[in-house]
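Step one of this worksheet: look at the structure below.
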Amino acid sequence: HPAAKIGPHPQWADPKRIVTFDPFGALVSELYAEQAKEQGLDVRPTIAITKAHVDLPEIKEAIRLGRLKPDGEVLTKEGAINVTKAAVEPVWYLPGIAERFGVTEPELRELLFRETNGMYPELLTRTDLKIFMPPIGGLTVYIIGNPDYLSMDDKEKAVRVHDECNGSDVFGSDICTCRPYLIHGMEVAVKTAQNGGVGVIVYFRKEGRALGEVTKYLVYNARKRQEGGDSAAEYFNCTQTVAGVQDSRFQALMPDCLHWLGIKKIDKFVSMSNMKYDAIAETGIEIVERIPIPPELVPADAQVEIDAKVFAGYEGGTVYNVDEDKLKKTIGRSGTAFGVK
């Protein structure tokens, strides 16, 4: 039984709103208890919901500097954040996935069969089976504050949708803004919850723009080895050269988790990504304010990333303004600074 109640919300019954996982995935032991007992079925959850404390050094530093204040409820006196968190595994409804991508279901099935090296022949032989559990990473939702507030129109909501970056998120690599922006999202979420709203961090397993960590490191080498050093003007070209594409995250599938939470409006969207904003807005969720990462949180070597993304269309608001001249002048460290030849 889940440790906290999420839903059900009206969006759960809309086949166009949630197609990438089972919205009832945390409740299967209750919903199918009779069938499991009578038919001997092995029914397992694809969503698990629990409660936890999140202890981050940056949050304790924010307390020390006075940006955050422990209240004993959202933020403990020791500096830990009280969270409700849900782990979600992908369960694709193939007709809905095909519609999102603008292809027919047979086309989607054939592509999935090819891309998985024929491991799932039922994609072609059992077209009566409309569900597919793809061999990809899922997502984790961290809720700061009362989960019931997520569907309430009169409660302020702060949201950050974050794609995994092991190098920065876990180990603090300074070539990108991933961890600093993630932590800033947590700080905004805490403040929102303390002010009577609720904050959400959605953490997707899409390492290296879903191209994987090996590809990401090859791109890093290409960026650092190019003549003149790492360059904002060549940021996306390096990925294109190495991987053949610039991004493989398919943000059209991303908003499902927000609909699962019952969210209809986001007051504070802690993201500069135009792709994420467009994907969310296209599903009918209103975004009131977009919050860029504060410049003082951007590592020196990550200025290449920020300037390249803002020039390409990321929303910099009044904080970031990058023209072609500034783009060309933004240079990061060369490979020789790391001993990369």
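The values are calculated or read from the model by the stated rules, or taken from the named source; none is laboratory data. In this text the structure is predicted, and so the values were computed from the model without any measurement. Backbone-built Cβ (ideal geometry, glycine too); neighbour counts: all protein chains shown. For the accessible areas, the whole protein counts, side chains as well, though only heavy atoms, and no ligand, DNA or RNA atoms are used. Shrake-Rupley method; radii C 1.70, N 1.55, O 1.52, S 1.80 Å.
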**Report entry** Long-range neighbours under 7 Å by Cβ, at least six apart or interchain, first residue touching a residue at least 40 places away in the same chain (Cβ under 8 Å) and under 16 Å from residue 262 (Cβ atoms) within the range 132-152, second among the hydroxyl-bearing types (Ser, Thr, Tyr) and open to solvent by less than 20 Å² (accessible area, probe 1.4 Å)
**Finding:** 143/84; 147/84
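Yes or no: the range 217-226 includes at least one residue that is under 30 Å from residue 13 (Cα atoms) and aromatic (Phe, Trp, Tyr).
No.
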Report summary line: Within the range 240-283, restricting to residues that are open to solvent by 20 Å² or more (accessible area, probe 1.4 Å), in contact with a strand residue (DSSP E or B) (Cβ under 9 Å, 6 or more places away or on another chain) and not in a helix (DSSP H, G or I), the one that is nearest to residue 15 (Cα to Cα) is 264
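Of all helices (runs of 4 or more DSSP H) completely enclosed by the range 135-239, which ones contain at least 3 residues that are closer than 30 Å to residue 288 by Cβ? Give the derivation first.
On the way: elements: 166-169, 178-194, 213-225.
So the answer is 178-194.
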Query raised in the report: Between a first residue in the range 10-26 that is more than 16 Å from residue 90 (Cβ to Cβ) and open to solvent by less than 30 Å² (accessible area, probe 1.4 Å) and a second residue that is part of a loop (DSSP other than H, G, I, E, B) and aromatic (Phe, Trp, Tyr), which pairs have beta carbons less than 8 Å apart while being 6 or more apart in sequence or on different chains?
Result: 12/24
Query - Residue satisfying all of: in the range 121-179; among the polar types (S, T, N, Q) and over 18 Å from the mean Cα position of the chain (by Cα); most open to solvent (accessible area, probe 1.4 Å) among these - result: 125
Requested in this report: Report yes if some residue within the range 199-211 is in contact with a Gly (Cβ under 8 Å, 6 or more places away or on another chain), open to solvent by less than 10 Å² (accessible area, probe 1.4 Å) and either within 28 Å of residue 46 (Cβ to Cβ) or not acidic (Asp, Glu) (or both); otherwise report no.
Outcome: yes
Query raised in the report: Counting only residues that are under 16 Å from residue 186 (Cα atoms), among the small types (Gly, Ala, Ser) and outside any loop (DSSP other than H, G, I, E, B), how many does the range 27-66 have?
Result: 2
Report task. State all residues of the range 85-132 that are in contact with a Phe, Trp or Tyr (Cβ under 8 Å, 6 or more places away or on another chain) and part of a strand (DSSP E or B); if no residue qualifies, say none. Result -> 85, 88, 92, 131, 132
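Scanning for something assigned to a loop (DSSP other than H, G, I, E, B), open to solvent by 10 Å² or more (accessible area, probe 1.4 Å), small (Gly, Ala, Ser) and out of contact with any Phe, Trp or Tyr (no Cβ under 8 Å at 6 or more places or on another chain), does the range 315-325 turn up at least one residue? Steps first, please.
At the first step, the residues of the range 315-325 found to be assigned to a loop (DSSP other than H, G, I, E, B) are 315-323.
Checking which are open to solvent by 10 Å² or more (accessible area, probe 1.4 Å) leaves us with 315, 317-323.
Still in the running and small (Gly, Ala, Ser): 317.
Narrowing the set further to residues that are out of contact with any Phe, Trp or Tyr (no Cβ under 8 Å at 6 or more places or on another chain) leaves 317.
The answer is yes; a qualifying residue exists.
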